[in-house]
Amino acid sequence: MDLSVLPTLTVLSDYVTIAQLGDNKMVRVLHPKASAAISLHGGHVVSFKPEGQEDLIWMSKDAVYDNKAALRGGIPVCWPWFGRIAAPAHGFARNSTWELIEHRESDNGVLVSIGLTDNESSREIWPHKFQLVLNVEVSETLKVTLDITNTDSTPWRFSGALHTYLNLGDIHQMEVTGMGTTYVDSLLDSKLCEGQEVLTLTDTVDRVYTAPDSEIVLHDNAWNRKLSVKNEGANSAVLWNPWKSGAESMGDMNNDGYLSMFCIESTLHANSLDEGKELAPGESHQLITHIAAK
């Protein structure tokens, strides 16, 4: 994604502007260390490109930027639940309008903070008070922190994910290490399985790895680089690629999109909201993903 060609709406500083992509407003970062963009619709990182690198983040060529639809690709914020354990799937945060809180910059990079709080629409779906802050730290690496706070008077439970789509040269020349060997296979009715220490793909994969290492590495051999993913505050890592049939079944994914993307997600997984993580009033939890090219 060439961020420099997007129309500028507002200049906030030397490195940060509000730009337009379709109907979506983007917080755009153009810094000597890296460029990035975050859609205020969905609180959604859509690009992160260190200087001299291909973009580390994949976006579908058929993503819909109508300020209404959830975006296909990037780093969707799945919250207050992950998956289809309630409606809408993956929660409402990725379809909500976030507000710019602040931006800070230095010679080393830029920090963008955006926020989402409960409102009448959210309480119709999920009847709780909350505050979310998404901190996006853009430098030679990308760090995304979802800070979740219970502002209600009673406890509530949640699950969630930073559903990162990584951009790669060729899915056939990719392998993944560090995800561990134990996983729940969503394609086999959530069967608990034991796999190999190295993952390569020849078909659809949709797995919840339950004991990943502190660092998961995607070996992007076509582009001769390694993408490092370090997650914190998660209880699992979801790895996903829809393969050819899956891509063709999604209206917002280009049919060959599966060839150049792979998801490694920082996930708080739960089989139901009742099994989700509990937060007491005033308590916070951080879900983090840190992504770097080597």
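All of the numbers you see were taken from the coordinates with simple rules; none came from a lab. Since this is a predicted model, take the numbers as computed values, not measurements. As a convention, Cβ positions derive from the backbone with ideal geometry for all residues, glycine included, and neighbour counts pool all protein chains shown.
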- Message: Give me R28, R84 sorted ascending by neighbouring Cβ count inside 10 Å, so fewest comes first.
- Response: R84, R28
- Item | Subset of K244/K294; K33/K230; K191/K277; K129/K226 violating a 31 Å alpha-carbon distance limit | K129/K226
- Item | In Å, descending, principal axis extents of the Cα set of the chain | 48, 48, 34
- Give the order of D118, D256 when sorted by the count of other beta carbons within 10 angstrom, beginning with the fewest. D256, D118
- Query: Label point 7 Å out from A211 along Cα-to-Cβ: which residues of region 171-195 have amide N under 11 Å?
  - Reply: 180-183
- Note on the structure: Which of K226, K33, K191 fluctuates most in a GNM of the chain (C-alpha springs under 10 Å)? That residue is K191
- Message: Let me make sure I get this right: for region 73-210, a, b and c are the square roots of the gyration tensor eigenvalues over alpha carbons, sorted descending. Under 1.5 in a/c it's rounded, otherwise prolate if a/b > b/c, else oblate. Which is it?
- Response: oblate
- Query: For the chain, what's the relative contact order in percent, using C-alpha pairs closer than 8 Å and at least 6 residues apart?
  - Reply: 17
- Inter-part gap, Cα centre of region 250-279 to Cα centre of region 146-173, in whole angstrom, is 8
- When T145, T177, T8 are arranged by how many other beta-carbons sit within 10 Å of their Cβ, fewest first, they go T8, T177, T145
- the chain: antiparallel bridges as % of DSSP beta bridges, rounded to 5, reads 100
